[in-house]
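J.: Quick one: this structure, given as structure tokens, is what I'll be asking you about.
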Amino acid sequence: MPPAFDAALFRSRRAAVADALRARGGGVLVVPSMPVAQRNGDVEHPYRPESDVFWLTGFEEPEAVVVLSPSAFTLFVRPRDKERETWTGRRAGVEGAVKLFGADAALEIDKLDAELPRLLIDQPALWYRLGGIDAGFDARIARTLGAMRARARLSGPPPSRLEDPGQILHELRLKKDAVEMETLRRAVELTGRGHLAAMAAARPGAHEYELHALLEREYRAGGARGWGYYPIVAAGANATVLHYHENRSRIAAGDLVLIDSGAEVDFYTADVTRTFPAGGRFTAAQRAAYQVVLGAADAVIARARPGETIDGLHDLAIRSLTEGMVKLGLLRGAVDELISSGAFKRYYMHRTSHWLGLDVHDVGSYRGADGKSRALEPGMVFTVEPGLYVDPDDAEAPAELRGVGIRIEDDLLVTGGGCEVLTAAIPRTVEDVERACAR
């Protein structure tokens, strides 16, 4: 349990879910925890709770299942076990699940198969995300429903509908409350410390892993749990690989360094990308390409406000970037035709924005009830991340741009009157980036 654990906060979230369940005809919501993942041999990956489970309960242990109805909150957990706790850490147990985490009832996890049918009998719907994180649990749910149907005449019918709980949970998670906003601001602050440290330390002859280590040092020194997703530290042509993760190349003279990394605070992550010259100053060609990306980012940020859509902002970024590609000599022809034909995708192949929160690609539909791109609303947090990527083997690109990868990514909070750029303090203009590198 985190030091600042607020039971009332999680209770209010469950109440909001319960209200939504009532409005949709009732039923029981079932959310399992993330399984423990084996790294190799008998070594496990560090455990991180499943985001829906944490958002609902604040519970961080593995082998847990949340069962929530409009009238009751049941938590299945591992039992207290002195011997196991000596090896793997303290457990809340069924007593702690009630006393500390506010469960109306708590049961040991090995009783789930026997007790879950009792909680589902005569319910109109089972709210469970089939095809989610754990195929084994999917099979467990299928067996439970099959067994209930076989005994329906004696015990009562199983739920007649299977619904995706994301319709409720993920829509609620999409709009951040005051606590979440403050947590994200703290994550951004520590992220900025890491990026500044990397800019100041980068130099020809250093290695990507050195900058990676600086990021983690700054995050953890500031109280973060570490990073919210594996950092990308890409020098030179490595930056043209969108999900580059090796982080071990030597930085060469003249390289740009692209860092995509965010600190995770109380499981909420920032998501920031900055691109900077290892030698401290952009070349003329690098500066021109960087200004194209920065111009697209600034245009999107200037338009972001309630009522705008993610698709509309993406279209704006595409137009700005395509105009820039023509000026740089990467593309030739009319901008409208280059957009309609998809020619721009040669140098910009990803989307401009995604939701941000407990997950780096956070939950919530990008479509409204009418199937169209949904309008931004206060409380939503999203990224703006235009980029430009020129393959080192692209013989049609100007020689001075081959192997150049640039992305600038910021985190925005939608407010009543516009958007707050949470990451505005992290250097992003040419002058500010060069000044940070000169430190």
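The values are calculated or read from the model by the stated rules, or taken from the named source; none is laboratory data. Every value quoted in this text rests on a predicted model; they were computed, and no experiment measured them. Counting neighbours? That spans all protein chains shown, and the Cβs are built from the backbone with ideal geometry, glycine included.
J.: If you check R129 against the conditions, is it in a loop (DSSP other than H, G, I, E, B), buried (at least 16 other Cβ atoms within 10 Å of the Cβ) and either among the charged types (D, E, K, R) or assigned by TED's automatic domain parsing to the domain that holds M380 (or both)? Working first, answer last.
T.: Details: in a loop (DSSP other than H, G, I, E, B): yes; buried (at least 16 other Cβ atoms within 10 Å of the Cβ): yes; either among the charged types (D, E, K, R) or assigned by TED's automatic domain parsing to the domain that holds M380 (or both): yes.
Considered against the rule, which asks whether it is in a loop (DSSP other than H, G, I, E, B), buried (at least 16 other Cβ atoms within 10 Å of the Cβ) and either among the charged types (D, E, K, R) or assigned by TED's automatic domain parsing to the domain that holds M380 (or both), R129 comes out as yes.
J.: So, one more: Do we have I121 as surrounded by 12 or more Cβ atoms within 10 Å (Cβ to Cβ), farther than 30 Å from E44 by Cβ and of a type in the set (A, V, I, L, M) here?
T.: yes
Quick grid of which residues meet (1) closer than 18 Å to A72 by Cβ; (2) touching a His at 6+ places or on another chain (Cβ under 9 Å); (3) free of Cβ contacts under 8 Å to residues at least 24 places away in the same chain:
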position	(1), (2), (3)
G89	no, no, yes
V94	yes, no, yes
D104	yes, no, no
L107	yes, no, no
K111	yes, no, no
L116	yes, no, no
A125	yes, no, no
L130	no, no, no
I133	no, no, no
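J.: Within the range 169-180, take every residue that is among the charged types (D, E, K, R) and assigned to a helix (DSSP H, G or I) and give me the one that is surrounded by the fewest Cβ atoms within 10 Å (Cβ to Cβ). Reasoning before the result, please.
T.: Let us first name the residues in the range 169-180 that are among the charged types (D, E, K, R), namely 171, 173, 175-177, 180.
Narrowing further to those that are assigned to a helix (DSSP H, G or I): 171, 173, 180.
On the way: E171: 13, R173: 23, E180: 20.
My answer is E171.
J.: Could you name every one of the strands (runs of 3 or more DSSP E) located completely within the range 339-439 that has at least 1 residues being among the acidic types (D, E) and under 21 Å from the mean Cα position of the chain (by Cα)? Spell out how you get there, then give the answer.
T.: Details: elements: 381-384, 387-389, 405-407, 410-414, 419-421.
Result: 410-414, 419-421.
J.: I want to confirm something. Restricting to the range 28-74 and keeping residues that are polar (S, T, N, Q) and surrounded by fewer than 24 Cβ atoms within 10 Å (Cβ to Cβ), which single residue is farthest from H361 (Cα to Cα)?
T.: In the first step, residues of the range 28-74 are kept if they are polar (S, T, N, Q); the result is 33, 38, 40, 51, 57, 69, 71, 74.
Still in the running and surrounded by fewer than 24 Cβ atoms within 10 Å (Cβ to Cβ): 38, 40, 51, 69, 71, 74.
Details: Q38: 23, N40: 27, S51: 12, S69: 28, S71: 32, T74: 29 Å.
Filtering the range 28-74 for residues that are polar (S, T, N, Q) and surrounded by fewer than 24 Cβ atoms within 10 Å (Cβ to Cβ), the one farthest from H361 (Cα to Cα) comes out as S71.
J.: Quick one: which of A369, A334, A297, A302 is assigned by TED's automatic domain parsing to the domain that holds V257, touching a residue at least 24 places away in the same chain (Cβ under 8 Å) and among the hydrophobic types (A, V, I, L, M, F, W, C)?
T.: Values: A369 fails: touching a residue at least 24 places away in the same chain (Cβ under 8 Å); A334 fails: touching a residue at least 24 places away in the same chain (Cβ under 8 Å); A302 fails: touching a residue at least 24 places away in the same chain (Cβ under 8 Å).
Of A369, A334, A297, A302, the one residue that is assigned by TED's automatic domain parsing to the domain that holds V257, touching a residue at least 24 places away in the same chain (Cβ under 8 Å) and among the hydrophobic types (A, V, I, L, M, F, W, C) is A297.
Residue-wise test of (1) in a loop (DSSP other than H, G, I, E, B); (2) under 29 Å from P117 (Cα atoms); (3) not basic (K, R).
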| position | (1), (2), (3) |
| --- | --- |
| A18 | no, yes, yes |
| P46 | yes, no, yes |
| E60 | yes, yes, yes |
| E63 | yes, yes, yes |
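J.: When the residues of the range 265-316 are filtered to those that are assigned to a loop (DSSP other than H, G, I, E, B) and among the aliphatic types (A, V, I, L, M), which remaining residue is nearest to C437 (Cα to Cα)?
T.: A278
J.: Just to check your reading of the model, which residue among R435, R428 is in contact (Cβ under 8 Å) with a residue 40 or more places away in the chain and among the basic types (K, R)? Step through it out loud before you land on a result.
T.: Numbers: R435 fails: in contact (Cβ under 8 Å) with a residue 40 or more places away in the chain.
One residue alone meets the criteria, R428.
J.: Can you find a residue that is among the small types (G, A, S), surrounded by fewer than 20 Cβ atoms within 10 Å (Cβ to Cβ) and at negative phi anywhere in the range 359-368?
T.: Yes, the range 359-368 contains a residue that is among the small types (G, A, S), surrounded by fewer than 20 Cβ atoms within 10 Å (Cβ to Cβ) and at negative phi.
J.: Here's a follow-up. Which is hydrophobic (A, V, I, L, M, F, W, C), crowded, with 16+ Cβ neighbours inside 10 Å and outside the structural domain of D19 (by TED's automatic domain parsing), of L145, L184?
T.: Of L145, L184, the one residue that is hydrophobic (A, V, I, L, M, F, W, C), crowded, with 16+ Cβ neighbours inside 10 Å and outside the structural domain of D19 (by TED's automatic domain parsing) is L184.
J.: Let me ask something additional. Take the range 97-116 and flag every residue that is touching a helix residue (DSSP H, G or I) at 6+ places or on another chain (Cβ under 7 Å), assigned to a loop (DSSP other than H, G, I, E, B) and either outside the structural domain of E60 (by TED's automatic domain parsing) or surrounded by fewer than 20 Cβ atoms within 10 Å (Cβ to Cβ) (or both).
T.: Residue satisfying the conditions is G102 alone.
J.: Looking only at residues in the range 133-168 that are outside any helix (DSSP H, G or I) and among the charged types (D, E, K, R), which one is modelled with the lowest pLDDT?
T.: My answer is D134.
J.: Can I ask one more? Restricting the first residue to the range 46-64 and requiring it to be at negative phi and of a type in the set (S, T, N, Q), which pairs with a second residue that is buried (at least 21 other Cβ atoms within 10 Å of the Cβ) and in a helix (DSSP H, G or I) meet a Cβ separation below 9 Å and a spacing of at least six or different chains?
T.: S51/R173; T57/A97
J.: When you look at P79, is it over 24 Å from V360 (Cα atoms), of a type outside the set (A, V, I, L, M) and in a loop (DSSP other than H, G, I, E, B), yes or no?
T.: Working: over 24 Å from V360 (Cα atoms): yes; of a type outside the set (A, V, I, L, M): yes; in a loop (DSSP other than H, G, I, E, B): yes.
Yes.
J.: With the requirement that a residue be out of contact with any Leu (no Cβ under 8 Å at 6 or more places or on another chain) and either modelled with pLDDT under 95 or part of a helix (DSSP H, G or I) (or both), what does the range 239-263 give you?
T.: Listed by number, the list holds a single entry, T240.
J.: So, in the range 84-96, how many residues would count as being farther than 24 Å from A7 by Cβ, surrounded by fewer than 12 Cβ atoms within 10 Å (Cβ to Cβ) and not hydroxyl-bearing (S, T, Y)?
T.: Quick first cut of the range 84-96, residues farther than 24 Å from A7 by Cβ only: 84, 86-88.
If we keep only those that are surrounded by fewer than 12 Cβ atoms within 10 Å (Cβ to Cβ) too, we end up with 86-87.
Adding the requirement that they be not hydroxyl-bearing (S, T, Y) leaves 87.
So the answer is 1.
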